[in-house]
1. How about LYS357: which lysines have a C-alpha closer than 24 Å to its C-alpha, ignoring those fewer than 8 places off in the same chain?
2. For LYS208, go through the lysines and keep the ones whose alpha-carbon is under 16 Å away, minus same-chain ones fewer than eight residues off.
3. Taking square-rooted eigenvalues a ≥ b ≥ c of the alpha carbon gyration tensor, is segment 261-394 rounded, prolate or oblate, where a/c under 1.5 means rounded and, failing that, a/b exceeding b/c means prolate?
4. At 7 Å along Cα-to-Cβ for each site, give me the label-to-label distance between ARG61 and THR121 in nm.
5. I'd like the distance between the alpha-carbon centres of segment 167-186 and segment 103-157, rounded to an integer number of Å.
6. What residues have an amide H closer than 5 Å to that of TYR113, excluding those fewer than 5 places away on the same chain, when H is modeled at 1.01 Å from N in the peptide plane?
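None of the figures in this text is laboratory data; all of them are computed from the coordinates on show. Everything numeric in this text was worked out from a predicted model, so none of it was measured. All Cβ positions, glycine included, derive from the backbone under ideal geometry; neighbour counts span all protein chains shown.
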Amino acid sequence: MMRLPTLLGRHALLRIGLVVASVLLGVAVLTPAREASAQSVQPGETTVTSKDPSSISFSTRVRAPGGVKSARLEYSVLNATSGAVGGGGEAQVTAGAQTDLNFSLGTRDNQRYIPVGSIFTYRWNIVPNEGPAVVTAEQQYVFMDGRYQWQSVADTGVTVYYYGPTETAARAALLAARSSLDDTAALLGKKVQYPIRLIIFHSEEEGKLAMRQQSAAFDAQVRTGGQRVAPDVLHVFDNVKDPDVIRHEVAHVVTHVAGDGPFGGVPSWLDEGTAVYMQKDPGFGYRTSVNLAIQSDRALVLRSMQSSPGRPEEVDLFYGQSWSTVKFMVDEFGRDKFAALYSTVKEGARIDDALKKVYVFDQDGLYNAWRQKNGMKPVAVSAPSEVAAAPSTQATRVPLGVPTGGGVAATAEAGSSSGDTTAGGATAAGGPRTAVIVVIAVTALLVVSLGGGGVYLLRQRGSGS
């Protein structure tokens with residue numbers, strides 16, 4: 001009975017020793033964590049700018065007491081129908097606890113064409129000299145032409161970007177776009193399931209830098225009213241003086257959804273003919289050109305119209321005859337067959353096979369039926385070649401893919417002096433050693449006081465048993 005108080009006293013002493021050891025061990029464990037946190041990379045806000053449509057600049061200021069070893073900007077350009085396409089670029093980094101990272105991406109050169117109105121996602125991947133790499137949260141950016149102060153108006157599924165005192169015109173464009181989406185969807189039996197963006201410039205001259213580069217001779221002779229530059233992005237270059245420009249370009253969004261599949265798509269005569277058909281009026285130039293060709297029996301052979309014309313003098317006839325052919329198909333055979341043609345092509349059929357399935361005749365038969373309807377005699381057409389039977393489709397100036405690396409330069413400049421680096425490094429090196437010494441000293445004290453019991457109990461706690 002006399003030994004019980006002694007036993008309780010020893011147990012109490014053991015508990016006190018364990019509490020002290022746990023507290024000191026906690027200090028030893030937490031101290032490096034706080035120091036690591038103090039040394040971690042701290043990126044600031046990223047600034048994204050574009051002085052014109054030719055490039056985009058990304059910049060951010062990074063604090064890292066141990067300095068930055070390397071940094072990379074990773075980006076993607078979102079595409080409504082085929083996913084995101086992207087890449088990245090490495091930064092050149094100099095020593096310093098505060099570093100400015102800058103990344104410049106060319107958007108209109110021989111390597112790539114990224115149209116104004118594209119949506120980017122981006123993030124920084126930063127590797128410090130000390131500690132793990134840091135990947136920043138993904139952010140989003142709408143690429144606009146930095147020469148102008150943009151505003152926007154929106155309705156269900158459509159956003160119109162404009163600049164200057166032209167809100168009334170922008171709202172008219174919004175109505176025309178929404179109307180064309182609905183009307184073309186009704187014709188082709190296919191709705192667009194993603195939002196679209198219209199970028200409206202005051203003139204072709206003001207928007208020229210935003211266009212894809214092409215022949216100067218062609219540009220000098222052909223006026224461009226608008227372009228579908230991506231599945232969900234349209235450029236308009238006449239400040240919406242003619243709403244039919246909007247209706248035409250928006251119709252291309254629907255023709256892409258209705259007829260372009262993974263293995264091919266509609267030929268240009270069908271694509272452009274449908275877009276002109278969706279205008280309120282085909283226009284004087286297109287109508288006059290096709291009428292003159294009919295009167296003089298100088299119409300273009302339909303099979304030769306698989307892609308847009310390369311010669312300026314053929315543009316009006318190409319668009320006019322494409323419209324006339326589509327109008328003939330809808331008027332003579334109905335809207336249901338016309339929609340079925342699109343869906344058959346989308347499923348992977350070549351245009352001749354799709355025409356035979358839906359209408360019984362191929363492109364040559366359609367061409368001669370159209371000729372007869374317009375008072376011309378049928379003509380013999382040479383047998384289609386393999387290339388002609390499987391044309392490579394060309395929508396309205398679709399953007400090039402974005403390379404996934406290389407050729408994109410990025411730079412980084414050092415910020416503050418390296419004194420912070422030295423102080424941070426000393427703290428990081430000294431902290432863990434100090435904590436270990438404290439733990440060893442406390443453990444030795446417990447061994448002496450408790451006769452080894454403390455060491456045993458600490459091992460048991462550490463082993464999880």
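1. Candidates past the 8-residue exclusion: LYS190, LYS191, LYS327, LYS337, LYS346, LYS373.
2. Reachable lysines: LYS51.
3. Details: a/c = 1.38, a/b = 1.34, b/c = 1.03.
The shape class here is rounded.
4. Label-label distance for ARG61 and THR121, simple model: 2.9 nm.
5. Each part's Cα centre sits 28 Å from the other's.
6. HN-HN under 5 Å from TYR113: LEU400.
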